[in-house]
Amino acid sequence: MKRGWLAVLAAPLLMAQSAPRPATKPVLVPDVSQRDIEIQYSFTGANLLLFGAILYPGGRLPDDDKPTDIVVVVKGPVQSILVREKQKLGGLIWVNASRLRYRSAPSFYAIASSKPIARMLDARTRAIYELGLSSLQLSPASSAPLQEQDRFARGLVDLKTRTGLYVEAPGAVEITDGVLYRARVAIPARVPVGRFTAETFLIRDGRVLAAATRDIEIRKSGFERFVARSAERQSVLYGLAAVALSVLFGWGAGVIARRL
């Protein structure tokens, strides 16, 4: 009889432990305007819209005065990059002086935020999540001195920024009523192909409260895709065909020049 009463008393406790607990942190529901981008001969770039909603526990906005911020990061596939530093020899000729290789530098990196990153997070948190061009983990392949690594890293970021492959846009994220957000990221015409990720971070009171990711596929199509696949899968035939076409066009140009 005592065991029966103990079971009856323990049942509510077990049910309380097994019942799902209400969410205590906000949740991000992100999306992108294009999940597949095709590059053709007439491709001049794309304007990617990233948008979504913030779901707060209980469906209510925080009742304190701490603002909520959003950071959106679009990353391309990582690649090995060799950076060369040039020096002027004799005051006339530029020559390659030193170089540094990076094992895993992002081929494309664009970050948009509701306000400057340095005003949201400290340097350690920015480095953990790689938020900002100055917080990228580029992984140099050699044990060069830190001063040299920093110099080459700044040079790499500067080169990528000038070609539109690295972008930092503070204030580009719009937040409506503390719930809806949107941002636009420009995809340049020289963007590499591969699988991209669009990461969204919810930041509040100097902490990352939530994060979500969506995948984006950028690939060549049409004749460009045929040429790229031929170069990858049949490199010997592709090289011979390129040489034959070069010889043919050169011969044709010579014939036309003689007739004119």
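Might you check whether a residue that is farther than 15 Å from TYR109 by Cα and touching a residue at least 60 places away in the same chain (Cβ under 8 Å) occurs anywhere in the range 125-135?
Yes: one or more hits.
Filter the range 141-152 down to the residues that are surrounded by fewer than 17 Cβ atoms within 10 Å (Cβ to Cβ) and either closer than 17 Å to VAL167 by Cβ or not hydroxyl-bearing (Ser, Thr, Tyr) (or both) and list them by number.
The answer is ALA141, ALA144, PRO145, LEU146, GLN147, GLU148, GLN149, ASP150, ARG151.
Can you name every residue in the range 186-223 that is charged (D, E, K, R) and touching a strand residue (DSSP E or B) at 6+ places or on another chain (Cβ under 8 Å)? Break it down stepwise before answering.
The initial filter retains those residues of the range 186-223 that are charged (D, E, K, R), namely 190, 195, 199, 204-205, 207, 214-215, 217, 219-220.
Once the filter is applied, which keeps residues that are charged (D, E, K, R) and touching a strand residue (DSSP E or B) at 6+ places or on another chain (Cβ under 8 Å), the range 186-223 yields ARG195, GLU199, ARG204, ARG214, ASP215, GLU217, ARG219, LYS220.
Identify all residues within the range 84-124 that are among the aliphatic types (A, V, I, L, M), open to solvent by 10 Å² or more (accessible area, probe 1.4 Å) and in a strand (DSSP E or B); write none if there are none. Spell out how you get there, then give the answer.
Residues of the range 84-124 that are among the aliphatic types (A, V, I, L, M), as a first pass: 89, 92-93, 95, 97, 100, 105, 110-112, 117-118, 120-121, 123.
Restricting the remaining residues to those that are open to solvent by 10 Å² or more (accessible area, probe 1.4 Å) gives 89, 92-93, 95, 97, 117-118, 120, 123.
Once the filter is applied, which keeps residues that are among the aliphatic types (A, V, I, L, M), open to solvent by 10 Å² or more (accessible area, probe 1.4 Å) and in a strand (DSSP E or B), the range 84-124 yields LEU89, ILE93, VAL95, ALA97.
Kindly indicate whether any position in the range 183-193 is in contact (Cβ under 8 Å) with a residue 60 or more places away in the chain, farther than 15 Å from SER113 by Cβ, open to solvent by 40 Å² or more (accessible area, probe 1.4 Å) and over 14 Å from the mean Cα position of the chain (by Cα). Don't jump to the end; show me each part of the working.
Quick first cut of the range 183-193, residues in contact (Cβ under 8 Å) with a residue 60 or more places away in the chain only: 183-189, 191-193.
Remaining after also requiring farther than 15 Å from SER113 by Cβ: 186-189, 191-193.
Now restrict to residues that are open to solvent by 40 Å² or more (accessible area, probe 1.4 Å): 186, 189, 193.
Among the residues that remain, those that are also over 14 Å from the mean Cα position of the chain (by Cα) are: 189.
Among the residues of the range 183-193, at least one is in contact (Cβ under 8 Å) with a residue 60 or more places away in the chain, farther than 15 Å from SER113 by Cβ, open to solvent by 40 Å² or more (accessible area, probe 1.4 Å) and over 14 Å from the mean Cα position of the chain (by Cα), which makes the answer yes.
May I ask you to list pairs of residues, at least six apart or on different chains, whose Cβ atoms are under 8 Å apart, with the first in the range 66-82 being under 27 Å from GLY206 (Cα atoms) and part of a loop (DSSP other than H, G, I, E, B) and the second being open to solvent by 30 Å² or more (accessible area, probe 1.4 Å) and not basic (Lys, Arg)?
Close Cβ pairs satisfying both conditions: LYS66/ASP205; GLY76/PRO192.
Regarding GLU148, is this residue within 24 Å of LYS86 (Cα to Cα), touching a residue at least 40 places away in the same chain (Cβ under 8 Å), assigned by TED's automatic domain parsing to the domain that holds ARG84 and of a type in the set (Asp, Glu)? Full working, then the answer.
Values: within 24 Å of LYS86 (Cα to Cα): yes; touching a residue at least 40 places away in the same chain (Cβ under 8 Å): yes; assigned by TED's automatic domain parsing to the domain that holds ARG84: yes; of a type in the set (Asp, Glu): yes.
Yes; evaluated as a whole, the condition is true for this residue.
Looking only at the range 36-49, decide whether some residue is modelled with pLDDT of 90 or more and either among the small types (Gly, Ala, Ser) or surrounded by 12 or more Cβ atoms within 10 Å (Cβ to Cβ) (or both).
Yes, because at least one residue in the range 36-49 is modelled with pLDDT of 90 or more and either among the small types (Gly, Ala, Ser) or surrounded by 12 or more Cβ atoms within 10 Å (Cβ to Cβ) (or both).
Hey, which of the strands (runs of 3 or more DSSP E) in the range 158-260, taking only ones fully inside, have at least 2 residues that are at pLDDT 80 or above and in contact with an Asp or Glu (Cβ under 9 Å, 6 or more places away or on another chain)?
On the way: elements: 166-170, 174-176, 180-187, 194-204, 207-220.
Here the list reads 180-187, 194-204, 207-220.
Filter the range 95-114 down to residues that are of a type outside the set (A, V, I, L, M, F, W, C) and in contact with a Gly (Cβ under 6 Å, 6 or more places away or on another chain) and give me whichever is nearest to ALA210 (Cα to Cα). Full working, then the answer.
Restricting attention to the range 95-114, the residues satisfying the condition of being of a type outside the set (A, V, I, L, M, F, W, C) are 96, 98-99, 101-104, 106-107, 109, 113-114.
Those left that are additionally in contact with a Gly (Cβ under 6 Å, 6 or more places away or on another chain): 106-107.
Working: PRO106: 23, SER107: 25 Å.
Step by step, filter the range 95-114, then rank; the result is PRO106.
The values are calculated or read from the model by the stated rules, or taken from the named source; none is laboratory data. These figures come from a predicted structure and were not determined experimentally. When we count neighbours, we look across all protein chains shown, and the Cβ atoms used for this are built from the backbone with ideal geometry, even at glycine. To get the accessible areas, we keep the full protein, side chains included, count just its heavy atoms, and leave off ligands, DNA and RNA. Shrake-Rupley method; radii C 1.70, N 1.55, O 1.52, S 1.80 Å.
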